[in-house]
Structure formats: C-alpha cells, structure tokens
Ligand code: NAD
C-alpha cells in the first residue's frame, strides 16, 4: 500500500472497510485542487483530524488552508474567468454532462466514502449521490419523463434554453435584459449532505459562466476530494473550479473576505451566515446568498389518514438521523387524535428507525455532545421521553443516538433551538389559528409539513406559515427550478432554476431607440 493512500483506491464498502481495519492503515491527507492540480500541503500546514462517526476512528487529515493558499485558489479562478465566462453555453453544458457522467460512474465510490465520512447509511448516501448528479443533469428515468414533456433540466441543459424579456416604451425604445456571469464565487457548504449541497452550488456557478473556489465543511471533506478528482478527469479547464479544505475560521473566512471573490453562496448555520454578512458588508456589490438553519414544524390535523400521516411525519423527522435542514423536528398534533397519534408514531418509529440499519451515526463528537446536551436538558427540566433517552456522556464506539420522541414544557429550548439530530418534540393544538401561531413561533422559517385532507385548510393554513417551503401531505419533494430558501433567520435569497441565475449573473437593461 502506498504511504498516502487515496480514497479512490477503495471503491466498494468491502475494500473501504478492510482498508480502515488494515494494521498499516494511515489516514488520507486531502490536498487542495488549485488551478487544475492537487497542490502539496505546505511544510508549515496545520491539519484537522477527521473521524469516522460510526467507529470514532481517525481516518483523514484535512489541510486547514491558510489565507495565502486561498489567495492562490482565488487568483486561479480569476484568471480562468475570462475564458470560461465567454465559453459558449453549449460547451459549458458538455463539461457539466461529463462531470455528471463521471459522478454516476463512481456512484458507489462516492456513496461509500460519504457514508464513512458523514455517518449516514450507505442507502441514504446513494440517494444523495443521485441527487448530486441531478444538479448537473437529470438522472436517466427523469430524463425520459422530461424529454416527453419537453422540459429539459438541470443546469447542464437549463443554460441551453434561456430566454429574456423585451419591452417597448411608448415612443418605441426597445428595452431588453442582458445577463452576464459575475466572476469568482466562494461556495461554502455544511456537513449534513456534503456532496449534494456542494454540487448544488458548483453546477449553477459553472453553468452560468462563473468560476469557483469551493470549500466543504472541515467535518466532511471526503466527497469534495473525490469531486476534485472528477473535475480533473473531466478535463475541466484549470482554475474553473478550485477546492480548498479547512476550517471556517481560517479558510472560509479568508475566502468570503477576498476582494476578488465577487459572490458567495453559503449553506450552513445562522450564526455563520450572520458572520459572513458582517464580513462582506463593506463590499456592497458582492452577491451573497445565505441558506441557513431551521426548526421546522409538522402540523398534523385530525382529518388525516394516520396510515399515511404517521410514516410521513416520521420520515420528515428522522431521515438522515434528522440531519437535514428541512427535517420537521416540532410536531404539532390536533387534540382529537393526540393520543392515538403518539401511540402509532412511537410504535412506527420503533419498528422502522433502527440503528445502524436505517439510522446512521451523527456526524461528529461535537455534534453528539450538542444533541446530548438538549436531551439531558429535557430530562432535567420536565421532558417526557416516549422513545429514546439521554445517551452516555462519552460514546464508546461511534456517535450513535437512538431516535428520541418527547414532550417538553412550553418554554423549553427544545422547541426553539435547532438540534439537527434524531430528536422530535410533540405538542397538542386545538384550532387552525393555534396551529399557525405555534408553527410561526420560531425565529426560523425554512420549511414545514402540513398534513391534512381538507382542501380549504391547505390554503388557509399553508399560505400563512412562515416558511420558504410548505410541503402538503409530502416531504422533500423538489423540482430543481422551484425557489429554495428560507424566511426569517433561515436565510436570504433563493436558489434553484431562474433563482440560481439571479445569484450567479448580473442583469443590465439595454435601451435602444429605433
Ligand atoms: P456551519 O455554519 O458551522 O458551517 C458551514 C460551513 O461554513 C462550513 O464549511 C464551515 O467551515 C464554514 N464556516 C464557518 N465559519 C465561517 C466563516 N466565518 N466564514 C466562512 N465560512 C465559515 O454549519 P454546519 O454546522 O456545518 O451545518 C449545519 C447547519 O447548516 C445547520 O444550521 C443546518 O440547518 C444548516 N443547513 C442549512 C441548509 C439550507 O439549505 N438552508 C442546508 C443544510 C444545512
């Protein structure tokens, strides 16, 4: 085995697991991709240790990239911008299609290492790899459907079908909107769906003619490293995408503050979003899109069919261990079905969300401690556990937390703070008015789930919930052209389809008399 093994040498779960168990095992060292090459870590580099959440074993060392190295990446992206921004959309599209093809070919490799790195189940990781492909282009079954309906998306094909609006003034001056790529973007992503969320930014950034310096979370950097290899193998022109690893404090902060970074697309926590806004406030022309935290309500009305509502509320709560910003972690249930719902919900979760088969480990020790803090707080301050318990203070082998279902007093922080783990609260309500008030009693406004069979109620309630996304009798359904983003402390700006075009392009209006 080579001294510095590479993750792509272990493309299956069996080879990955035997590599991790090997007596001569040495952690991966992740190098930045700058100007098309993997750059060696400088002698004075500092590293962050990355652990396998399922075992607690050290398995990678992440270069905490300095401001100086970030500068090299931004300079490379800036040099690449002139040619890339004027490359015809049809050629850019071909690169995107090639990237999609390579990710698809390496589906298992990506899924295996995403699962090892993040703690998610392999099944869930595969779903996210497919979703990552769809950021560049639809996966095959979708393509067939869309070709039939004449709708061709996403971003590889979106850019081949653009339109603009033209108007005439009263005295026949033609006006039309022209868009041009903005420049270098800093693309920063969190640890919960690492590959999907980073490609959700990279695909439109490249499609609309911008160049990128992308930084994944220091907690989950592996899939970005595999993605860097894909960019190399796709022969993407050097500098068009650069990937830098490191902490937010060092690498992320110097990236967003860099004067040649003309836009930032960020997904992560609200506190970090506020910091990024502060760090960019003087550079007023910098486009900043912020997709932030959530504390999403699920409203269950008494007219539902519990055979459907219970699995839906459970999926929205516990998919990916509750580590999806869109998970519904506050469940409100109408009083008439309160008792029956609790019994059936607890029973369903017990039967269907089992460690480690379909619930993974939580992403890091730090995150384990955060979730444990809230469970312990609930235990000490009047919380009632229907399922789950306070996990041990020091986990023994991996960061495993059983799904927890509880009721808590009205003023409990568990109803206010984003926990971002396998924890849900249940609260009863009586009327529609009360349901809307409780749903909106939050600083956040990202998403919500509305479970009811009553058509009028869908609109009466759905149109008043403070949330960028309202799912009615469904969850996590998304067409990539729909606006994605939150209200209140869940962020500013929207991404998706035309909304992503607004993020990555400048619009100017031309006025042309006859
Ligand atoms: P985080 O804010 O701690 O980190 C996110 C990213 O920002 C990481 O790459 C981190 O290194 C970087 N970062 C940290 N400080 C920075 C700074 N000062 N400047 C620049 N970059 C900096 O978030 P997290 O803990 O990784 O992820 C969990 C959070 O992400 C949750 O709040 C969750 O709701 C949110 N999230 C939101 C969405 C959405 O679409 N709205 C999607 C997924 C996750």
Margin query: Among the residues in segment 461-473, are any away from the ligand (no atom under 16 Å from the Cβ), in contact (Cβ under 8 Å) with a residue 40 or more places away in the chain, part of a helix (DSSP H, G or I) and surrounded by fewer than 21 Cβ atoms within 10 Å (Cβ to Cβ)?
Written below: no
Check: If you check 196, 142, which single one turns out to be at pLDDT below 95, outside any strand (DSSP E or B) and in contact with a helix residue (DSSP H, G or I) (Cβ under 9 Å, 6 or more places away or on another chain)?
Finding: 142
Checklist line | Any hit, segment 483-491, residues being free of Cβ contacts under 8 Å to residues at least 40 places away in the same chain and either over 30 Å from residue 160 (Cα atoms) or in a helix (DSSP H, G or I) (or both) | finding: no
Notebook entry, point to check: Given the structure, is residue 210 away from the ligand (no atom under 15 Å from the Cβ), modelled with pLDDT of 95 or more and within 17 Å of the chain's Cα centre (by Cα)?
Noted result: no
Item checked: Candidate set from segment 220-255 (those that are closer than 19 Å to residue 192 by Cβ and out of contact with any strand residue (DSSP E or B) (no Cβ under 6 Å at 6 or more places or on another chain)); member that is surrounded by the fewest Cβ atoms within 10 Å (Cβ to Cβ) -> 247
Next item on the list: Scan segment 236-264 residue by residue and report those that are over 24 Å from residue 50 (Cβ atoms) and more than 9 Å from the ligand (Cβ to nearest atom).
Entry: 236, 237, 238, 239, 240, 258, 259, 260, 261, 262, 263
Checklist line | Selection status of residue 469, within 26 Å of residue 291 (Cβ to Cβ) and under 17 Å from the mean Cα position of the chain (by Cα) | finding: yes
Next item on the list: Might you let me know whether segment 306-316 holds any residue that is crowded, with 23+ Cβ neighbours inside 10 Å, touching a residue at least 40 places away in the same chain (Cβ under 8 Å) and within 16 Å of the ligand (Cβ to nearest atom)?
Entry: yes
Check: Looking only at segment 7-26, which residues are in a loop (DSSP other than H, G, I, E, B) and at pLDDT 95 or above?
Finding: 10, 11, 12
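Residues are listed down the side, and each one gets a yes or a no for (1) in contact with a helix residue (DSSP H, G or I) (Cβ under 7 Å, 6 or more places away or on another chain); (2) closer than 30 Å to residue 259 by Cβ:
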residue	(1), (2)
284	no, yes
292	yes, yes
297	yes, no
335	no, no
347	no, no
Next item on the list: Return the total of residues in segment 407-431 being without any contact (Cβ under 8 Å) to a residue 40 or more places away in the chain and touching a helix residue (DSSP H, G or I) at 6+ places or on another chain (Cβ under 6 Å).
Entry: 1
Notebook entry, point to check: Residue check, residue 321 against (1) surrounded by fewer than 24 Cβ atoms within 10 Å (Cβ to Cβ); (2) touching a residue at least 24 places away in the same chain (Cβ under 8 Å); (3) within 17 Å of the chain's Cα centre (by Cα), all met but one. Which one?
Noted result: (1)
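The values are calculated or read from the model by the stated rules, or taken from the named source; none is laboratory data. Just so you know, these numbers come straight off a predicted model, no measurement behind them. All Cβ positions, glycine included, derive from the backbone under ideal geometry; neighbour counts span all protein chains shown.
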